[in-house]
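Structure, as structure tokens:
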Amino acid sequence: MKRILDKIGGDALYFLNQAGLLTIFLFTTLQRMVMPPYRLFPVVKQIHFIGARSMLVILVAGTFTGMVIALQFYNTLVRFGSVNLLGSAVGISLIREMGPVLTALMVIGRAGSAICAEIGIMRSDEQIDALECMAIDPYRYLIAPKIIAGVISLPVLTFIFIFIGIMGGYLVGVLIFGVGEGAYFQGMYDGVLWSDIQMGLVKSLVFGLIIVWIASAKGFLLHLDRSGAYGAEGVSRITTNAVVLSSIAILFADYLISALMHEPGMAS
Amino acid sequence: MNRFSIETVVGLFLVLGLAAFSFIAVKMGDIGFFHDRDRYTVTARFDSISGLKEGAFIEMAGVRVGTVGKIRFDNLDYEAVVEMSIPNEIELQEDSIASIRTNGIIGDKFIKISAGGADELIPPGGEIMETESSISLEELISKYIFETDS
């Protein structure tokens, strides 16, 4: 009995400890970030890694997501004879939900895991301690460019995803099922409001922060992990943790933002 | 990797993203940089606008000519006040009629304006006096069911 209580208490304390460490990590980074000197090239390099090299996977995922949304909505709408709503259904679901969330999940898989492993190995090999010995601030040198790049890259990737998804929907809806081209696009232009685009934008900005924050914090705090594992095993465990935790955080934040930005008067 | 520097790739990436965003924002977000100047606003009061949303269409003779702006509730007269944005080249006569109609049976509500015959025009910021409220199918049915007995 005592053992069970120990386990519950230990887990709770560990959870609180981790939450605190992650929060302190974020605020330390944000604080160090605003201090000069500012160096642009590391940020460009990270945008290249997080953003530009995720393009291919985003293009493929976006095309198929748009196609499958159009396919499913067409099958439902055709029963009510309101195929004209296909464009706005595809547009709104891509802009509000599918675009930001799927882009974030793709980036977690492609870049989040890599960031976590990279920083985790640096911690494990004591490279971060070496930086500190040389009076180079690891927060500003390592983490800040990644966070800035994440916040810039995610919205860009998200809107590329949405655009290509709309084209994928066009492919299935208009070219295969023969919905009117005008009905598809005009329905979309009419159905999508500026508030929808705003929601997609806010979501992608927040997701960009969350992904890079959790991935780099988990790697950076490798030595404080409960399992105490260092080296290859510790890095592999911490990377798995980071991917799971940031995916859950994305889905949770997605619901939270949707609920907060939901305007009761405008709902339909 | 040798032919393209990192800067080129990142620049291309950001330009693509910006293009996608501006396409979506301008086409769908109705950001009115271009339209605001050649439009004017008129208001109309309705007993009920049930189902009408901000951003709904305004039709004249079946053609979309404008959009519904702000909707507010007048707590003195218990009426709904609707702002409508109309292009400058369309002149509305004093006795034009604004009525709320439904697109199909379950479709969106929109406002239909029927042109009048008077000489006087409604100035920008003016009000359409003749209005018809939205017709509720349920109310019609209940009227039919409960009032035919007598």
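No lab work stands behind these numbers, since they all come straight from the coordinates. If you're wondering where the values come from, they're calculated on a predicted model, not measured in any experiment. Virtual Cβ from ideal backbone geometry, glycine too; neighbours counted across all protein chains shown.
Descriptive notes on the structure:
- Whichever lysines have a C-alpha closer than 29 Å to that of residue A:45, once near sequence neighbours (fewer than 8 apart) are set aside: A:146, A:203, A:218
- Footprinting exposure proxy ranking of A:213, A:194, fewest other C-beta atoms within 10 angstrom first, gives A:194, A:213.
- Proximal aspartates and glutamates relative to residue B:53, as straight alpha-carbon distance under 17 Å, when same-chain residues fewer than 8 apart are discounted: A:190, A:196, A:263, B:30, B:74, B:79, B:83, B:108, B:132
- Inter-chain neighbour count for B:7-13: the average number of beta-carbon atoms from partner chains within 10 Å of each residue's beta-carbon is 6.
- Relative contact order (%) - criterion: Cα under 8 Å, at least six apart; region: segment A:39-259: 36 percent
- Note on residue A:7: aspartates and glutamates with a C-alpha under 20 Å away, same-chain residues under 8 apart excluded, are A:225.
- Per residue of A:76-89, other chain Cβ atoms within 10 Å of the residue Cβ number 1 on average.
- When each of A:48, A:262 is scored by the number of other beta-carbon atoms lying within 10 Å, the sequence from fewest to most is A:262, A:48.
- Amide proton proximity set for residue B:79, modelled H, under 5 Å, gap of 5+: B:74
- Estimated vicinal HN-Hα couplings, Hz - segment A:104-112 in sequence order (Karplus 6.51, -1.76, 1.60; Gly, Pro = x): 4, 5, 4, 5, 4, x, 8, 9, x
- Amide H contacts of residue A:179 (H built 1.01 Å from N, under 5 Å, at least 5 apart or other chain): A:174
- Segment A:1-63 and segment A:229-257: distance between their alpha carbon centers, rounded to Å: 9 Å
- Neighbourhood net charge (12 Å Cβ-Cβ; Lys/Arg +1, Asp/Glu -1) for residue A:33: +3
- Remark: segment A:237-250, residue by residue, has Karplus-estimated 3J(HN,Hα) of 5, 5, 5, 4, 4, 5, 5, 5, 5, 6, 4, 5, 4, 4 Hz, where x stands for each Gly or Pro and the curve is 6.51 cos²θ - 1.76 cosθ + 1.60 at θ = phi - 60°.
- Across chain B, Cα pairs under 8 Å and at least six residues apart give a relative contact order of 24 percent.
- Taking every residue in A:195-201 and counting other chain Cβ atoms within 10 Å of its Cβ, the average works out to 3.
- Database remark: amide H of residue B:56 closer than 5 angstrom to the amide H of B:68 (H placed geometrically; neighbours at sequence offset of 5 or more, or on other chains; Pro and chain starts carry no H).
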